[in-house]
Amino acid sequence: MAVHPISDADAIKPPKTQTGVVGWMRQNLFNGVFNSILTVVILYILWKTVPPLIRWFFIDAVWTTASEACYAADGACWSVIYNNIRFILFGLYPHDLQWRPLAAIVLLIALLVYSRDRRRWRRSLLWTWLAGLFVMGLLMKGGLFGLENVDSTLWSGLPLTLLLSVFGMVAAYPLGVMLALGRRSRMPAIKSLCVVYIEMIRGVPLISLLFMSSVMFPLFLPEGLTINKILRAQIAIIMFTAAYIAEVVRGGLQAISRGQYEAAESLGLGFPQKMRLVILPQALKIVIPPTVGILVSAFKDTSLVVIIALYDLLKTTQSVLSNPKWMGFSSEAYIFIALIYFICCFSMSDYSRKLERELGAGERR
Amino acid sequence: MKRIGLCVVALALFTLLAAPAMAGETLDAVKAKGFIQVGVNQGLFGFGAADDKGVWRGLDVDTGRAIAAAVFGDATKVKFTPLTAVQRFTALQSGEIDVLCRNATRTLSRETSLGLNFCQTNYYDGQGFLIPKKLGVKSAKELDGATVCVLPGTTTELNAADYFRSSGMQWKPVVIESTPELNKAFFAGRCDSLTSDISQLAGVRAVAPNPADYMILPEVISKEPLSPAVRHGDDQWMDIVDFTVLAMINAEELGITSENVDEMLKSKDPKIQRFLGVNAGNGKALGLDEKFAYNIVKQVGNYGEVFERNVGVDTPLGLERGLNALWTDGGLMYAPPFK
């Protein structure tokens, strides 16, 4: 009688159909009639759409040609980006001086990357930022140290988008926190003022605020006094974002238990200390996810300034597309700026996730 | 008592509102700040659009430069404010800009209730029809029963409806929300014809897969005199803008171009001598330098040059002069005597 010795490892191994690629496919793609049909249908759709898309995107695409070659090509016309990249990014900024906004953007990105690490959040960082902002402003505006003065009405493209959004967020955040505190105040005048402000701003779309600031507001000003168009839009964006942040922060304040307030008071802390040392650090930590949500949408909302003819990133792109030479290639141009917007928004939400992990905001509750 | 108070407030408001209407004020303000703020289109190729170096180009833009040349003798002393259709008149009323050169149609209501003064028209536009040549139609009168691509809710749609009704023809409008989509639908053959302002149709035709396959029908079904505008009440400023455009037209009529203007200074023709300021008078009357017309022609060009440079046959728009030819060539461009 022949003995087939079976080792322990062999005996424990599951059947071949349940391991490896085949097993994974059986378990995840073909475990039942319905799912099998779905898999086949989706595979068919992918097979039909992905190869043509890749062909359009890369293989048949033209990259650095003139517009005539684009009309002949079957694929994407990335030449529209290649030929107009400087106008799309910097818009009306004087052509020979465009290294200045470029340097300002690089400086901004460097500062942002540097301050990603929370261990660097010291008082010196604040001064670094102030110095950085001053240098950026100097680069954009000029007029000092032999830099040629550039009118702020010529600021456009990516620098304008970043200016509107970064300043919009930075200014709106503290304003929003103050509004949230005001809304929870026991003083009726302050409370009702904050409520009216928040509800009024939240009750109208951003577009109408922008229209107010650009079309109606100038009519109320005395003759001869005009306020910079960019500043007007900037204020509208700050007012709008602040109202939304206020409501989010208020949610955070309400989530803090009464005990924390009472404990702070029993230590003899006054209102400012109580808020600064006890309540706000906890409350703001809880509301990181919704706050970032608002900041991301505020960043994207800056593109609405198109309707008041500010040359932000979207408007410079549209302007390129209004040239008959490039009129047909809107998809390519819009894909390109969508990519820029995606990079900005994704790095914001990515950073917020990192911050949440570090602060452990999600764990305790 | 209360009523008197109200009256005082109303009077104060009225004087505040009426304050800008002082003759000569705009010219002084412009001279004091050293440049002219011109409202232009935010992006209409051929009329007002920034090129890939960020330099403004277009017929309206050159009109703005011509005004700077007339006032300062320097066509570069001008700043452009891009404006949307909604913003344009407010920007002018509020004093944000000194003159509006933004392909605005002159109409009665704008001239009166909006408190604007339109100056000499710098482009006569009108609504027309673009068709593929294979349709075999030579006139808009043959478009009975045609499907026509049109933007919704615009005067364009109304004009087309009026035109077809008044000529007793049937039509089927294909209403599409955005201009690029509209163009695509037309090129894909979803409609027999596309209707819009003729200067726009020329741009659409230029981007057609094969422009030679398309033509613009000769009929013009609406009047769109596109003119620069200034605020009510400053007659001197209005005269300056008016005669800047007229000077460009007159220069073309006299055969003066940016190239031969220096030789023309030596001309014996009294009309040319007066026009170019060799014989003084015109400039002083306008409150400008005697050489204002010379500066316009030298630095910007005469009307024909500006037209050909921005929208003419050799540009992507490829527009014929048509109504915008000189009156001597059967067009509407007619300048009064410069004397």
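Quick note: the coordinates plus some simple rules give every number you see, no bench work behind them. In this text, all values refer to a predicted model and were calculated from it rather than measured experimentally. FYI the Cβ positions are ideal-geometry reconstructions off the backbone, even for glycines, and counts take in every protein chain you see.
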_Within 10 Å of each Cβ in B:37-43, the average number of Cβ atoms from other chains_ = 4
*Proximal aspartates and glutamates relative to A:Lys141, as straight alpha-carbon distance under 15 Å, when same-chain residues fewer than 8 apart are discounted*: A:Asp96, A:Asp151
*Straight distance only, please: which lysines reach the Cα of B:Lys223 with their own Cα at less than 22 Å, same-chain residues fewer than 8 apart left out?*
B:Lys138, B:Lys141
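Rounded, prolate or oblate: which fits the protein assembly as shown, taking a ≥ b ≥ c as square roots of the Cα gyration tensor eigenvalues, rounded meaning a/c under 1.5, else prolate when a/b beats b/c?
Working: a/c = 2.17, a/b = 1.38, b/c = 1.57.
Oblate, because a/c is 1.5 or more while a/b does not exceed b/c.
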*Residue by residue through the stretch B:209-217, which ³J(HN,Hα) values in whole Hz follow from phi under the Karplus form 6.51 cos²θ - 1.76 cosθ + 1.60 (θ = phi - 60°), with glycine and proline marked x?*
x, 9, x, 5, 7, 10, 9, 9, 5
*Per-residue mean of C-beta atoms belonging to partner chains within 10 Å, peptide B:204-212*: 2
*Going down the table (B:Lys79/B:Lys339; A:Lys229/B:Lys53; A:Lys16/A:Lys48; A:Lys325/B:Lys33; A:Lys315/B:Lys33), which pairs top 26 Å between alpha carbons?*
B:Lys79/B:Lys339; A:Lys16/A:Lys48; A:Lys325/B:Lys33; A:Lys315/B:Lys33
*asked:* Need one number: % antiparallel among DSSP beta bridges in the stretch B:127-222, to the nearest 5.
replied: 50 percent
*Give the calculated FRET efficiency between A:Phe271 and A:Ser208 to the nearest 0.05, with a Förster radius of 30 Å applied to their Cβ-Cβ distance.*
0.25
*In order through the stretch A:288-297: 3J(HN,Hα) via Karplus (6.51 cos²θ - 1.76 cosθ + 1.60), integer Hz, x for Gly, Pro*: 4, x, x, 5, 5, x, 5, 5, 4, 6
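Would you kindly state how much longer the chain becomes between A:Tyr82 and A:Arg123 on full extension, computed as 0.36 nm times their sequence separation minus their alpha carbon distance, in nm to one decimal?
On the way: separation 41, 0.36 × 41 = 14.76 nm, distance 4.25 nm.
Separation in residues times 0.36 nm, less the Cα-Cα distance, equals 10.5 nm.
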*Relative contact order [Cα under 8 Å, 6+ residues apart], chain B, whole percent*: 22 percent
_FRET efficiency estimate (nearest 0.05) - Cβ-Cβ, A:Ile37 to A:Val106, R0 35 angstrom_ = 0.10
*Whose amide H sits under 5 Å from the amide H of B:Trp171, counting only residues 5 or more places off or on another chain, with H placed in the peptide plane?*
B:Gly145
*May I ask for the angle, rounded to the nearest 10°, between helix B:2-18 and the longest principal axis of chain B, with both axes built from Cα atoms and the value confined to 0 to 90°?*
80 degrees
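Determine the sum of side-chain charges near A:Asp312: Lys and Arg each +1, Asp and Glu each -1, restricted to other residues whose C-beta is under 13 angstrom from that of A:Asp312. Don't skip to the end; give the middle numbers.
Values: positive: A:Lys229, A:Lys300, A:Lys315; negative: A:Asp301.
Surrounding charge for A:Asp312 is +2.
Please give the net charge around B:Asn302, taking every other residue with its beta carbon less than 12 angstrom from that of B:Asn302, where Lys and Arg add +1 and Asp and Glu add -1.
Details: positive: B:Lys298, B:Arg309; negative: B:Asp62, B:Glu252, B:Glu253, B:Glu259, B:Glu305, B:Glu308.
Once positives and negatives cancel, what remains is -4.
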_Under 5 Å, built H, 5+ apart or other chain: amide partners of B:Ala104_ = B:Ser227
_Per-residue average of Cβ from other chains inside 10 Å of A:150-162_ = 1
*Using the charge dipole of the protein assembly as shown (Lys, Arg: +1 at Cβ; Asp, Glu: -1 at Cβ; taken about the Cα centre), state which of B:Leu319, A:Gly146, A:Tyr82 has its Cα farthest towards the positive end.*
A:Gly146
*Would you mind counting up the charge near B:Asp52? Only other residues with Cβ under 13 Å from its Cβ, with Lys and Arg at +1 and Asp and Glu at -1.*
+3
_Candidate lysines for bridging to A:Lys354, where Cα separation is under 26 Å - those fewer than 8 sequence places away on the same chain excluded_ = A:Lys285, A:Lys300
*Are there cysteines in chain A with no second cysteine's Cβ under 4.7 Å away, and if so, which?*
A:Cys194, A:Cys344, A:Cys345
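Quick check for me: using +1 on Lys/Arg Cβ and -1 on Asp/Glu Cβ, what's the dipole size of the protein assembly as shown about its Cα centre, in debye to the nearest 20? Kindly include the intermediate steps, with their values, before the conclusion.
Numbers: 68 positive and 60 negative charges, 650 e Å.
Once rounded to the nearest 20, the dipole reads 3120 debye.
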*With θ set to phi - 60° and the Karplus curve 6.51 cos²θ - 1.76 cosθ + 1.60, what are the ³J(HN,Hα) couplings of the stretch B:260-277 in order, to the nearest whole Hz, using x for Gly and Pro?*
9, 5, 5, 5, 4, 4, 8, 4, 8, 5, x, 4, 5, 4, 5, 4, 8, x
